Protein chains: 2
Amino acid sequence: MPNVLSHGQFETVYNFLSLVIASMLFTALFLLVSLPRVLPRYRQAITVAIVVCGIATYHYFRIFNSFTSAFVTPSVGGTGDYSQATGAGFNEGYRYVDWLLTVPLLLVELIAVLALARKVQRHLLVRLVPAAALMIALGYPGEISGDNGLRGLFGLLSTIPFAYILFILFTELGKSLEHQPAAVRGTLSRLRFLLLLSWGVYPVAYLLPLLNLSGADAWVAKQVGYSLADILAKAVYALIIFQVAKMKSYDDDPAFAKVELPTGEPLAPAPTHA
Amino acid sequence: MPNVLSHGQFETVYNFLSLVIASMLFTALFLLVSLPRVLPRYRQAITVAIVVCGIATYHYFRIFNSFTSAFVTPSVGGTGDYSQATGAGFNEGYRYVDWLLTVPLLLVELIAVLALARKVQRHLLVRLVPAAALMIALGYPGEISGDNGLRGLFGLLSTIPFAYILFILFTELGKSLEHQPAAVRGTLSRLRFLLLLSWGVYPVAYLLPLLNLSGADAWVAKQVGYSLADILAKAVYALIIFQVAKMKSYDDDPAFAKVELPTGEPLAPAPTHA
């Protein structure tokens, strides 16, 4: 962590952290209010999405407070830079505690919205959840280490469970997608790419300190990268899951669709068993 | 309690306490939102689980604040150690007040989800609840005593009601399990082992100061041990109770199962009276 941030660097991190709080909190509230808009069998997926955004809200409040305590503004007439006034520093640990809880839950969310047979669901979860937890746990020692070699090593180790998760999502889960209604098959398939894209931002942000950027620039870019990746991987992802749950609800039950959809609206794209 | 914690020791306790807050708070919220996912006759068990996680959230906020007030950071350029700057110290009493309320309720939760005949339920509760309260009350004098002999003595006394609780769970409760639906019998049986495992962490953490670890290491390990045990014994336990309540709901009422389960899903494992 740098000892000094310029005024612009401080404001950039400050505003991004606040943006994440607003995104997470109100995605959670939106989904909470919208829960009756999907059939009961899809509410577990949406409830998990609410919990994920809620946990992230809690941690971003903590991260925001940790950041504003760690860096303080100089007295009037000072240089305008923000420097570390206390020895407390910024607690990067909040991010890892957050990811340890939320990243496995993001996979639970995806599996839950598919509403697979219990046996298939269990088969996927016992593979995906431990791999996700391991991926986060292996990243932490590199993150807190000041040494770039250790950062690279643990980053590499953490990539092994990540690759395994992608393998499961694109092979075993791919088979299950064929049994999903036609209307959501495309969305679900794209959702895996959103997951790949947003989860891919984390390792890039993680490895920024290895580049020849100045300490403060790399650190600010890392905070912005983690913040944007969290919004994509949790809030935007949750809204797509909600969309899938709605479309599947209409497909499952034409009476529900009739109540929920605008009058005269034909059932979305092509219902498979209407 | 140690007078000085290293930066790493301080951060370890700090992040574990925050992890417990997030786990308890969002398990409580998850269950609150999910209450309609079980039949009314199982909602008492889930409501007690929500209350238990809520009480723990409250106490962990208190514990977190007590910890960060007790240990303060040095000025910039200091050694990086955290030392006790005030005479206030850390209030271990919060944990015992928490356990005095929540540990008897954890047993109420278990009995409630079984949905036994009222007479059997009363028979079990009048034995389990006072034993649980006594177990906690007997541990406290040892905890606050600086003397290892007293700590050992009260630890031993506290084990007597603990052994009695296990005896009831594995004999009298065992008989009731035979009348539970086949689908949940295994889960309920394993739940007793989770209880034994997670409750078993407390005496280990309690007795750490008796080992030849340095004061600060033993104290940090004790805080981490209590935190992990609380997550297992309250949050993970509550989620398993919720799972049992869902499975029993599906077993009791096929119409409810039809609404809640994926379309075309046969009733979970093997319904006993389908």
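Some notes on this structure:
- Pairs of Cα atoms nearer than 8 Å and 6+ residues apart set the relative contact order; for segment A:125-167 it is 46 percent.
- Between the residues B:T102, B:I231, B:H7, the greatest Cα displacement towards the positive end of the dipole of segment B:4-260, with unit charges on the Cβ of Lys, Arg, Asp and Glu, is found for B:T102.
- Over chain A, relative contact order from alpha-carbon pairs under 8 Å, at least 6 apart, %: 23
- Under 5 Å from the amide H of A:H179 lies no amide H of any residue 5 or more positions distant or on a separate chain, with H modelled from the backbone and absent for Pro and chain starts.
- Phi angles of segment A:168-183 translate, via the Karplus equation with coefficients 6.51, -1.76, 1.60 and θ = phi - 60°, into HN-Hα couplings of 4, 5, 9, 10, 5, 5, x, 4, 5, 4, 4, 8, 7, x, 4, 4 Hz per residue; Gly and Pro are given as x.
- Per-residue average of Cβ from other chains inside 10 Å of A:49-58: 3
- The helix-based estimate of mean residue ellipticity at 222 nm for chain B, built from -39,500 (n - 2.57) per DSSP H run of four or more residues and divided by its residue count, is -25000 deg cm²/dmol to the nearest 500.
- Rg(Cα) / (2.2 N^0.38 Å) computed for the protein assembly as shown, rounded to two decimals: 1.05
- The mean number of partner chain beta-carbon atoms within 10 angstrom of a residue's beta-carbon across peptide B:29-41 is 3.
- What separates the B:L211 label point from its copies, with the point 7 Å along Cα to Cβ, is 4.5 nm, written shortest first.
- Within the same chain, lysines fewer than 8 places from A:K175 are excluded, and of the rest, those with a Cα less than 19 Å from its Cα are A:K119, A:K248.
- log₁₀ of I(q)/I(0) at q = 0.07 Å⁻¹ - segment A:4-260, Debye sum with one point per alpha carbon: -0.28
- Cβ-vector label at 7 Å, A:M1, separations to other copies in nm: 2.3
- Largest-first principal axis extents of the Cα set of segment A:43-142 (Å): 66, 29, 16
Only the coordinates and a few stated rules stand behind these numbers; no lab work does. Fair warning: this is a prediction, and the values are worked out from it, not measured in the lab. Here Cβ is always computed from backbone atoms with ideal geometry, including for glycine, and neighbour counts include all displayed protein chains.
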